[in-house]
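Read through the structure below, which is laid out as structure tokens, and then see the notes.
No lab work stands behind these numbers, since they all come straight from the coordinates. Source: prediction; values computed, not measured. Backbone-built Cβ (ideal geometry, glycine too); neighbour counts: all protein chains shown.
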Amino acid sequence: MRALVYRKSIPLYLLNRWMSLLNPRAFHPALSPLRLQEVPFAPRKGWVVLRNRLCGICGSDLGLLRGTESVLLEPYASFPAIIGHEMVSEVVEAPVDSGFHPGDRVVVEPLLPCRARGVPPCRFCREGSYNLCESTTLGDLLPGQMGFSRSCGGGMAEFTSAPAENLFKIPEKVPDEDAVLADSVASALQPVLDHFPEDGHTVVVYGAGSVGQHILRCLRMLGSRARLLAVARHPYQRELALAGGADIVLMNPVRSELGAAAGARLLPTTLGGGNLEGGADLFLDCVGSSHSFQEGLIALRGRGTYVMVGTAGTLRWADVSSLWLRELRVTGSMAYGHGMHRGERVRTYELALGLLGRGDYPVGGLLTHVFPIEEYGRAFKAAVDKKRFQTVKVALDPRKEPPSSDTLA
């Protein structure tokens with residue numbers, strides 16, 4: 001079968017890191033350790049066999065290819081691996097007692113915790129927080145989730161296989177193009193469930209890419225009456241954020257603008273760009289940069305909460321005096337597991353798919369590009385260069401035929 005295979009290469013990883021520093025909006029397919037090739041398909045025994053229909057490109061895929069992922073994450077993956085974990089697939093073959101049948105359309109939750117690895121449940125898996133599983137380097141599988149593990153293929157291939165408990169049937173009325181958003185909705189939904197704001201609170205959603213857009217939508221779909229302040233980089237992101245429920249959208253604000261919109265007072269300083277007094281109750285950082293981390297700490301009021309949703313590696317510099325001065329709570333959000341909704345504990349991925357199936361979730365403009373798998377270089381270029389391509393979510397279609405050479409010209 002055809003598959004996009006990532007092969008570990010330290011020299012190429014470092015080269016791509018250097019290239020990304022020189023030009024953050026560029027991707028160089030020829031320099032990437034990623035290749036489309038024919039590989040054998042051997043589904044794991046007892047797993048459901050799937051034909052992939054669409055696979056979204058995630059920020060973690062981009063981080064791997066551009067050399068910007070944290071080097072401390074190396075033990076949590078195994079290569080070579082077929083990448084891609086935002087999957088819409090079709091059941092080809094399933095165990096009799098799995099509850100799935102050939103032809104069923106499904107989304108695939110890619111995490112492979114204790115249960116999938118054949119080891120006793122760790123403390124987090126026992127409580128349902130399997131996104132924090134402590135055994136992801138142990139058991140019958142090599143390290144990593146689907147798309148980052150040599151033991152099982154990801155979604156950027158014609159076929160894959162997955163445990164039945166990782167699959168969710170797609171409602172008939174939900175097209176593939178909406179269902180492929182399920183993984184990014186779930187990633188946004190987890191911090192929303194874990195830190196649901198009170199009515200009247202001010203919430204800053206910093207970053208209006210895919211996950212930031214979904215955070216706004218999830219808050220509104222779950223009935224939040226908080227004041228939602230979004231920070232965007234590009235005009236098209238602003239329009240989408242307003243459509244998703246933002247009350248105010250700021251475009252690349254300086255600190256004084258962000259503070260004024262969040263209800264804070266600017267306190268001038270001789271050095272450091274000024275401080276803020278008062279401000280937001282909750283800051284959801286969907287960028288994960290040194291700058292966004294710094295602005296998040298400063299923009300929060302006393303005992304406010306900062307949540308790192310964007311997958312940052314190294315933060316080069318930040319003044320953390322606000323952390324103790326205002327007794328801030330600083331935490332992160334890792335993928336998805338379970339959360340509380342209307343007094344009940346729910347599986348986040350299942351609720352995300354349910355939101356997409358409601359019929360009133362604003363999906364317009366969120367899936368911006370779909371490429372044949374042969375055009376993976378163009379797809380990753382579009383995913384990286386959001387300004388040029390006006391990108392939100394980019395997906396690959398392993399079934400789609402590439403356009404003719406005259407069309408490409």
Computed magnitude of the charge dipole of segment 284-395 (debye, nearest 20; Cβ of K, R +1, Cβ of D, E -1): 140
The chain, helix-only ellipticity at 222 nm - DSSP H runs n ≥ 4, -39,500 (n - 2.57), divided by all residues, nearest 500: -7500 deg cm²/dmol
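For ASP319 and ASP385 in one chain, what is 0.36 nm times their gap in residues minus the Cα-Cα distance, to one decimal in nm?
Value of the extension gain: 20.8 nm.
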Computed P(r) (all Cα pairs; segment 254-389; 10 Å bins; percent): 10, 27, 29, 25, 8, 1
Isotropic mean projected area of the C-alpha convex hull, segment 40-113 (nm²): 6.1
Over segment 195-340: Kirkwood hydrodynamic radius from C-alpha pairwise inverse distances, Å: 15.2
Distance violations [Cα-Cα > 27 Å] among LYS45/LYS173; LYS8/LYS381; LYS173/LYS393; LYS173/LYS386: LYS45/LYS173; LYS173/LYS386
Cβ-derived FRET efficiency at R0 35 Å, GLN37 paired with ARG123, nearest 0.05: 0.30
Rounded FRET efficiency, nearest 0.05, which uses the C-beta distance separating LYS400 from GLU350 and R0 of 25 Å: 0.30
If the convex hull is drawn through the Cα atoms of the chain, its volume per residue in Å³: 147
Per principal axis, descending, Cα span of segment 228-305 in whole Å: 37, 23, 21
Residues whose placed amide H lies under 5 Å from that of ASP385, excluding near-sequence neighbours: none
Residue among PHE148, VAL346, ASN23 farthest towards the positive dipole end of the chain, charges placed on Cβ: ASN23
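Report, in debye and to the nearest 20, how large the dipole of the chain comes out about its Cα centre when Lys and Arg carry +1 and Asp and Glu carry -1 on their Cβ. The partial results should precede the final answer.
Details: 44 positive and 41 negative charges, 128 e Å.
Its charge dipole is roughly 620 debye.
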Given charges at beta-carbon only (K, R positive; D, E negative), |dipole| of segment 195-340 in Debye: 80
Sequence of ARG227, ARG316 once ranked by neighbouring C-beta atoms within 10 Å, starting from the fewest: ARG316, ARG227
